[in-house]
1. Can you give me the relative contact order of the chain as a percent, contacts being Cα pairs under 8 Å and 6 or more apart?
2. Amide H to amide H under 5 Å from His39: which residues, 5+ apart in sequence or cross-chain, H placed 1.01 Å off N in plane?
3. Convert each backbone phi in the stretch 97-106 into a coupling constant with the Karplus relation 6.51 cos²θ - 1.76 cosθ + 1.60 (shift: θ = phi - 60°), then list the ³J(HN,Hα) values in order as whole Hz, x for Gly and Pro.
4. From the square roots a ≥ b ≥ c of the eigenvalues of the alpha-carbon gyration tensor of the stretch 233-303, which class results: rounded (a/c under 1.5), prolate (a/b over b/c), or oblate?
5. Based on the alpha-carbon gyration tensor of the stretch 49-137 and its eigenvalue square roots a ≥ b ≥ c, which shape applies: rounded if a/c is under 1.5, prolate if not and a/b is larger than b/c, or oblate?
6. Search the structure for amide H atoms under 5 Å from the amide H of Glu255, placed 1.01 Å from N in the peptide plane, and list their residues when 5 or more places away or on another chain.
7. Take the chain, connect every pair of alpha-carbon atoms lying under 10 Å apart with a spring to form a Gaussian network, then pick out the residue of Asp319, Asp49, Asp305 with the largest mean-square fluctuation.
8. Per the helix-only calculation at 222 nm, which mean residue ellipticity applies to the chain, given -39500 (n - 2.57) for every DSSP H run of n ≥ 4 and division by its residues, nearest 500 deg cm²/dmol?
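Bear in mind these aren't lab numbers, they're just calculated from the coordinates by the rules spelled out. Note that the coordinates shown come from a computational prediction; the quantities given were computed from them, not determined experimentally. Please note: Cβ atoms are built from the backbone with ideal geometry, for glycine as well, and neighbour counts cover all protein chains shown.
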Amino acid sequence: MLARGRVVAALRTWFAGQDFVEVETPVLQTSPGNETHLHAFGSELIGPDTIRSPLYLRTSPEFACKKLLAAGESRIVEFARTFRNRERGRLHHPEFTLIEWYRASAPYESLMDDCAALLAEAARAAGAKELRHRDTSVDPFAPPERLTVAQAFQRHAGVDLLATVKDGKGDRDALDKAAQAAGVQTAKDDDWTDVFSRILAEKVEPKLGNGRAVILCEYPAPLAALARLKDDDPRVAERFELYACGVELANGFGELTDPAEQRRRFEAAMAEKQKRYGERYPIDEDFLAALGHMPPACGVALGLDRLVMLATGAARIDDVIWSAVAEPSHELKK
């Protein structure tokens, strides 16, 4: 826990040295985010007039931070307390800390350089010569390998991923056939995204970040989320994830600033969420309005708790949190 404090202090100093402004945005939001598999904690605002309005604990500070970019901020960072439901385990905790930062008018590759610098800063602050998790270690001072998702699928699963992507959509049957050939079992009701996730989890992720960190970039268009598509290859998006010791640490975007396209993606994701989970979250109209005024920018969220885990060699995320959220007792679970 003392190492955690040193890491936080070192990272704050690094961001200040890079002329970032540290911001604080609201935890309570009108929309917690609009990704299919993200689950939020609900709340309620009761006004002095007793009118009740639904609110949610944020699943990330992304919407609020982008509104600040639209308002004129150019380089911001937040050490954000964040909340996600239905997530608890070795690498997940219902309340955790994201370090989320944005650079206006900068290419998204600049975030990759930031991530490499933060790995080294965290290791130095923790007094660690390597990042460790289970039986895997990473040299935090070595430049991360940059690998496209398509290259990773070909290398570790023998799957030609982009052959299953056309016009921004995935060919489910083609990817399912490739998954079966790679020895990955699928379900009849899996869509393209489900099959992708199965291959990633079984064949690719365990091989990422052994010896040195890996930046997995150019995610396929069906997984673009809030990222813009690449101009020279619209089959892929300006999205990357940082891996070390097989653990995903960060998720970054070259930010989409087209409100109409973002609305289309949100509505499709919420329709799928309704189909799978019987619920949907509202769309933040203020956020979509702000996108139309937002400058070209890139942004990334990094899991502080996971980074501290690797820097200290902790086995579980609960080990690096001062006071973990209580789990229901055995009697209450009944």
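1. Details: 641 pairs, mean separation 74.8, N = 334.
Relative contact order comes out at 22 percent.
2. Asn85
3. Values, residue by residue: 10, 9, 9, 10, 9, 9, 10, 7, 6, 9 Hz.
4. Values: a/c = 1.90, a/b = 1.19, b/c = 1.60.
Cα axes put the stretch 233-303 in the oblate bin.
5. Working: a/c = 3.01, a/b = 1.31, b/c = 2.30.
Oblate, since a/c reaches 1.5 and b/c is not below a/b.
6. Here Arg228, Ala297, Cys298, Gly299 satisfy the definition.
7. Largest GNM mean-square fluctuation: Asp49.
8. Details: 10 runs with 109 residues, N = 334.
Rounded to the nearest 500, it is -10000 deg cm²/dmol.
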